[in-house]
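The values are calculated or read from the model by the stated rules, or taken from the named source; none is laboratory data. The shown structure was predicted, so the numbers you read here are calculated from the model rather than taken from an experiment. Because the Cβ atoms are built from the backbone with ideal geometry, glycine has one as well, and the counts that use them run over all protein chains shown. Each accessible area value is taken on the protein alone, full model and side chains, heavy atoms only, with ligands, DNA and RNA left out. Shrake-Rupley method; radii C 1.70, N 1.55, O 1.52, S 1.80 Å.
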Amino acid sequence: MSFAVEDLSLPIVLAPMAGGPSTPALAAAVSNAGALGFLAAGYKSADALRDDIESVRAGSQEPFGVNLFARPHRRGDAEQVRRYAQSLQGEAERYGTQLGEPRYDDDAYDAKLALLRENPVAVASFTFGCPSAEEVHGLHAAGTSVWVTVTSVEEASLAQRAGADALVAQGMEVGGHRACFDDRAPAENLGLLALLRQLAHDCGLALIATGGIMDGAAIAASLCAGAAAAQLGSALMLAPEAGTSAPQRTALARPAPTRLTRAFSGRLARGIENRFMREHDAAAPHAYPEVHHLTTPVRAAARAAGDAQGFNLWAGQGHALARSAPAAQIVKQLAAEAREALTARRAFIDRDL
Ligand SMILES: Cc1cc2nc3c(=O)[nH]c(=O)nc-3n(C[C@H](O)[C@H](O)[C@H](O)COP(=O)(O)O)c2cc1C
């Protein structure tokens, strides 16, 4: 029988976090703690994903999920990308490297889907778009539940029509990339509560809330607002099992404003404001994954030099509340806080209004 989010011992999901923070050790630790661990397949080859899946299985017998980037829809404007590349030359020189080739690719989508059909996991979740009904059917046939990340009621109805089992409701507070199906469409940036309530009203699918949830009280709030579970990213980035880089750990732990930018990848994503973002945001075109590939060597060099001003510090709006502790301990604390928050509000039920 396929996995249902209501089967979890704890209504907590580890957010998939491509580009470093997601590791098999983190996924296994979270699943072993009674929540749902996740791997991020983004930017990885199908072979690397297969190895990661095996590593999680070596560390845990519990269910876990794998997240895929849906196929990018449209190519960016080549001339705009060329001009943006010119404006980034100084960054390459500053960090003693070259810009990357701004190529278009689909992140090996078909190969990863084929791997998941042959080697099924409990949940496959998607971001940046919706799998086709045939793709959803193929995963269902393999016994895998399909979750689609959505940012609006319109995206939710497309996902429902494709056969999704659950929706990850992504509020604009979220760390990392916005999940919007079409990054260019001028969609409203809904906050998590506004989105959750509309989805709870309009669609019958299980909802997983994500964006800015940092503690048990916020998990309790999202459950009260109609979610079956809460998906947390920034809250687990300081766990020792996470692959978060050292300069990003330092930046995350301090209060600092975040904002949405296309400067690093060509797609809107939220990170802690830094020099690179301030200097390049205005010139950055809508061109994902071309800009992602263009800036990859510069970001890697800045990260290796420990310069937090020169690479993407993805983080949600609540990042300063992240705690530094083993993942199992964080999950346990989150569950205890959620119970406490729900119990503390029980007095309201007895009140004579
Ligand atoms: C570093 C980082 C990488 C992320 N990568 C992915 C990803 O590969 N796929 C995805 O669906 N979401 C990704 N996200 C979004 C998270 O899954 C999650 O929705 C988000 O972290 C929730 O917001 P929070 O950080 O405030 O908890 C990423 C977030 C961060 C912070």
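Results, tabulated for the structure shown:
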quantity	calculated
Debye, to nearest 20: dipole size of the chain, +1 on Lys, Arg Cβ, -1 on Asp, Glu Cβ	760 debye
Full-stretch length increase - residue 106, residue 9 - with 0.36 nm per residue and alpha-carbon distance subtracted	31.4 nm
Degrees separating the helix 153-162 axis from the principal Cα axis of the chain, which is the longest one	80 degrees
Selection from 25, 42, 66 lying farthest towards where the dipole of the range 1-97 points positive, charges on Cβ	42
The chain: radius of gyration over Cα atoms, expressed as a fraction of 2.2 N^0.38 Å	0.96
Value at 222 nm in deg cm²/dmol, rounded to 500, when DSSP H runs of n ≥ 4 in the chain each add -39,500 (n - 2.57)	-11500 deg cm²/dmol
With every protein chain in place, the chain: carbon and sulfur % of accessible area (1.4 Å)	51 percent
Extension reserve of the residue 77-residue 201 stretch, reckoned as 0.36 nm per residue once the Cα distance is removed	40.8 nm
Within the chain, longest stretch free of exposed trypsin sites (Lys or Arg not before Pro) [DSSP loop, at most 14 other beta carbons within 10 Å]	185-344
Distance-filtered residues of the range 127-147 - backbone nitrogen under 19 Å, label point 7 angstrom along residue 161 Cα→Cβ	127-138, 147
Rounded tilt (10° steps) of 46-59 against the dominant C-alpha axis of the chain	40 degrees
Backbone N under 19 Å from the residue 98 label point (7 Å along Cα→Cβ), restricted to the range 290-328	290-302
Net charge contributed by nearby residues that have their C-beta within less than 9 Å of residue 115 (K/R +1, D/E -1)	+1
Computed E for residue 323/residue 273 - FRET, C-beta separation, R0 25 angstrom, nearest 0.05	0.65
